[in-house]
Amino acid sequence: MTPTPVRIAMWSGPRNISTAMMRAFGNRPDAAVVDEPFYAAWLAASGADHPMREAVLASQPTDPAAVAATLIGPVTGGRTVFYQKHMAHHVFPGMDLSWMGACWNAFLIRAPEEVLASYALRRAAPTLEDIGFPQQAALFDREADRLGAPPPVVDARDVLESPAGTLRGLCEALGIPFLDSMLSWPPGSRDTDGVWAPAWYDAVERSTGFAPPRPPVTLADLDPSLRPIAEAARPIYERLARHRIAPSV
């Protein structure tokens, strides 16, 4: 029997559909959501220069243990589903991840060529670590070892091509009912959005549901400087994609 509340730690990388997925779960009447709770802790530990850095640092605890306590503590409004949007690259060396054992850990993946094409529009000269593929793979392996089986994986393109079928399969894997309310939501910002939303969330704030997928980005479509990163990320993506949840009918 699935314990209550169901804590879902969804591990993604940047420039995926992670915020739209947070919207989908946030539109469930039984769910609370949290947006990238380790962002400030990672900024403090890494010294990374990100847009709105000082505002992010002021908006969240910078002690990862304090953050973790909120993720396994009481859920807002006593809701029975707690969806946690996490960035894999926010995990840094020495960080205690024991709290993950209290969650269903799932993985949202996207083809690296598409991630890089989008990321490069926002930030120059990304690295493999910036897009989080090695960190996501390490978290996947950690969870697979803990469970003795692969944890749930969903591919962004599957979600966009078949929102209902893919989310239904994900919900089944997480032990919660699929709700039609996950397929659409009102436009605009949310109180639960991170303080960094003005720098990153313009498209999702205009959205009312999952948009149809764009044509796939190929290696040849990328700037030559990005191609080695895509080539390094591709085997990681393909390894996780072998475990993806196929859309259900």
Practice prompt. Kindly list the residues of the stretch 24-45 that lie in the label zone of residue 191, defined by a backbone N under 16 Å from the point 7 Å along the Cα-to-C-beta vector.
Written response: 26-35
Worksheet item: Quick one: what does P(r) look like for the chain with 5 Å bins over all Cα pairs, in whole %?
Response: 1, 6, 14, 19, 21, 19, 13, 6, 1, 0, 0
Worksheet item: If you build a Gaussian network model of the chain, linking Cα atoms that sit under 10 Å apart, which residue out of 140, 38, 92 swings the most?
Response: 92
Response to the item:
Checking 117, 203, 24 against a Gaussian network model of the chain (alpha-carbon springs below 10 Å), the top fluctuating residue turns out to be 203
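Across all directions of projection, what mean area in square nanometres is found for the Cα convex hull of the stretch 28-148?
On the way: hull surface 34.6 nm².
Orientation-averaged projected area of the Cα hull: 8.6 nm².
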Practice prompt. Note down the nm distance, to one decimal, between modelled labels 7 Å out along Cα→Cβ at residue 55 and at residue 211.
Written response: 2.2
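Just so you know, all these numbers are worked out from the coordinates, no wet-lab data involved. Worth saying up front: this structure is predicted, and the values here are computed from it rather than measured. Note that we place each Cβ from the backbone using ideal geometry, even for glycine, and neighbour counts take in every protein chain shown.
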